[in-house]
């Protein structure tokens, strides 16, 4: 097959969708001897795809198309012409905001979540309208739609009214070569040398987005935790500033424990596993996720996890995490106190997390995705399945 993949939504590599795109393409590399892959990437993102050079054709897209509105127009006007020029059998767009209306070949879209239907304040009104109305119509133009969790699959059927036979659930994977257990002492030494963190700490890795990522409730719970325990534990909020970040920073400044709350900014991919290994507890209180990669990445590195149950998170973490209602500050506080003061509870979650992480593998994800490409290209249909 001749397969095209649009990658303009990777946001310079600083998003969950970016990790999906990079990991998927890496897992598809062994199949490049049987299929022709054409990857469309913005000019300044080209170095991010160096790993695919020589095995996949990388087509440069002018930087003028990076702004969201121009990128949407590029997908609806320029990309269909490119798909015809390269005689693609199937074109995969890994974001519901960029799915095509024209049909130059078979179309596959990945929908990571339908957050606009669950979080009214997540975006401004224009983006909310696009996500709720325009994207629904675009989804109906796709031959096949991939959902990254059963929860997202149900949302697609309910809110977009797609037939179940056109929705395939394929879980995200894990790069087990990167995310694996290692000596905590070594990871702690690296973090201490770079960031001066020497006390035990809770880690949350997510862009600083308010209210969706729920940093404010977490900080409130941390304040209560510190008042109750008087411990030297600290809180690390790793991630780039996003919509509403100013609210989060203001809340931190108001905390009497602000010296124990650290915002190191975006965590580069090469450093991420060390952060997970160095942390004593990973906490993920997000208000909604279509999948939620960080909790299982942390599990794979041997870090015990406290997780929200919203969206797909209960489905993804299973019984391997301490779960909480993310808007119940007292519940968050109780779990933080429990794990900070009970080493045996941390060890139990560490062991169950390592087992849970083994359920996710990018090679399985890539194989299932290739099956979707083949079905779309042949015009076939099947019932949804999951990994």
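The values are calculated or read from the model by the stated rules, or taken from the named source; none is laboratory data. From a predicted model like this one, the values you see are computed outputs, not experimental measurements. Positions of Cβ are generated from backbone atoms using ideal geometry, with glycine treated the same way; all protein chains shown enter the neighbour counts.
Looking only at region 186-205, filter to residues that are closer than 15 Å to residue 261 by Cβ and at pLDDT 95 or above; which one of those is surrounded by the fewest Cβ atoms within 10 Å (Cβ to Cβ)? Checked region 186-205; the qualifying residue surrounded by the fewest Cβ atoms within 10 Å (Cβ to Cβ) is 199. Residues that are surrounded by fewer than 22 Cβ atoms within 10 Å (Cβ to Cβ) and touching a helix residue (DSSP H, G or I) at 6+ places or on another chain (Cβ under 7 Å) within region 80-94 comprise just one, 89. Count of region 263-285 residues, restricted to those that are under 20 Å from residue 186 (Cβ atoms) and assigned to a strand (DSSP E or B), is 3. Would you call residue 96 within 25 Å of the chain's Cα centre (by Cα), touching a residue at least 40 places away in the same chain (Cβ under 8 Å), assigned to a loop (DSSP other than H, G, I, E, B) and closer than 26 Å to residue 136 by Cβ? Judged against the criteria, residue 96 is a match.
Yes/no matrix, rows are residues, columns are (1) under 17 Å from the mean Cα position of the chain (by Cα); (2) surrounded by fewer than 23 Cβ atoms within 10 Å (Cβ to Cβ); (3) modelled with pLDDT of 95 or more; (4) part of a helix (DSSP H, G or I):
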| residue | (1), (2), (3), (4) |
| --- | --- |
| 100 | no, yes, yes, no |
| 109 | yes, no, yes, no |
| 113 | yes, no, no, no |
| 120 | no, yes, no, no |
| 123 | no, yes, no, no |
| 132 | no, yes, no, yes |
| 145 | no, no, yes, no |
| 165 | no, yes, no, yes |
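Output yes when any residue across region 45-68 is modelled with pLDDT under 95, part of a helix (DSSP H, G or I) and surrounded by fewer than 21 Cβ atoms within 10 Å (Cβ to Cβ), and no when none is. Checking region 45-68: at least one residue is modelled with pLDDT under 95, part of a helix (DSSP H, G or I) and surrounded by fewer than 21 Cβ atoms within 10 Å (Cβ to Cβ). Counting only helices (runs of 4 or more DSSP H) that fall entirely inside region 293-387 and contain at least 1 residues that are farther than 17 Å from residue 148 by Cβ, the qualifying elements are 293-300, 329-341, 343-357, 362-378.
Inspection of region 150-158 identifies at least one residue that is over 19 Å from residue 369 (Cα atoms), touching a helix residue (DSSP H, G or I) at 6+ places or on another chain (Cβ under 8 Å) and in contact (Cβ under 8 Å) with a residue 12 or more places away in the chain. Applying the criterion of being touching a strand residue (DSSP E or B) at 6+ places or on another chain (Cβ under 6 Å) and part of a helix (DSSP H, G or I) to the residues of region 229-248, the residue that is surrounded by the most Cβ atoms within 10 Å (Cβ to Cβ) is 248. Quick one: is residue 104 modelled with pLDDT of 95 or more and either more than 21 Å from residue 14 (Cβ to Cβ) or touching a strand residue (DSSP E or B) at 6+ places or on another chain (Cβ under 8 Å) (or both)? Against the criterion (modelled with pLDDT of 95 or more and either more than 21 Å from residue 14 (Cβ to Cβ) or touching a strand residue (DSSP E or B) at 6+ places or on another chain (Cβ under 8 Å) (or both)), residue 104 qualifies. Quickly run through region 77-93 and pick out the residues that are over 22 Å from the mean Cα position of the chain (by Cα) and under 26 Å from residue 291 (Cα atoms). Across region 77-93, the qualifying residue is only 90.
Matching residues to (1) within 16 Å of residue 292 (Cβ to Cβ); (2) assigned by TED's automatic domain parsing to the domain that holds residue 294; (3) in contact (Cβ under 8 Å) with a residue 24 or more places away in the chain; (4) in a loop (DSSP other than H, G, I, E, B):
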{"position": "178", "(1), (2), (3), (4)": "no, no, yes, yes"}
{"position": "190", "(1), (2), (3), (4)": "no, yes, yes, no"}
{"position": "199", "(1), (2), (3), (4)": "no, yes, yes, yes"}
{"position": "202", "(1), (2), (3), (4)": "no, yes, yes, no"}
{"position": "211", "(1), (2), (3), (4)": "no, yes, yes, yes"}
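Those residues that are in contact (Cβ under 8 Å) with a residue 12 or more places away in the chain and out of contact with any helix residue (DSSP H, G or I) (no Cβ under 7 Å at 6 or more places or on another chain), I need them from region 227-245; list them, please. Those that are in contact (Cβ under 8 Å) with a residue 12 or more places away in the chain and out of contact with any helix residue (DSSP H, G or I) (no Cβ under 7 Å at 6 or more places or on another chain): 232, 236, 239, 240, 241, 242, 243, 244, 245. Would you confirm, using the coordinates I've provided, whether residue 366 is outside the structural domain of residue 227 (by TED's automatic domain parsing) and either in contact with a strand residue (DSSP E or B) (Cβ under 6 Å, 6 or more places away or on another chain) or at negative phi (or both)? Judged against the criteria, residue 366 is a match.
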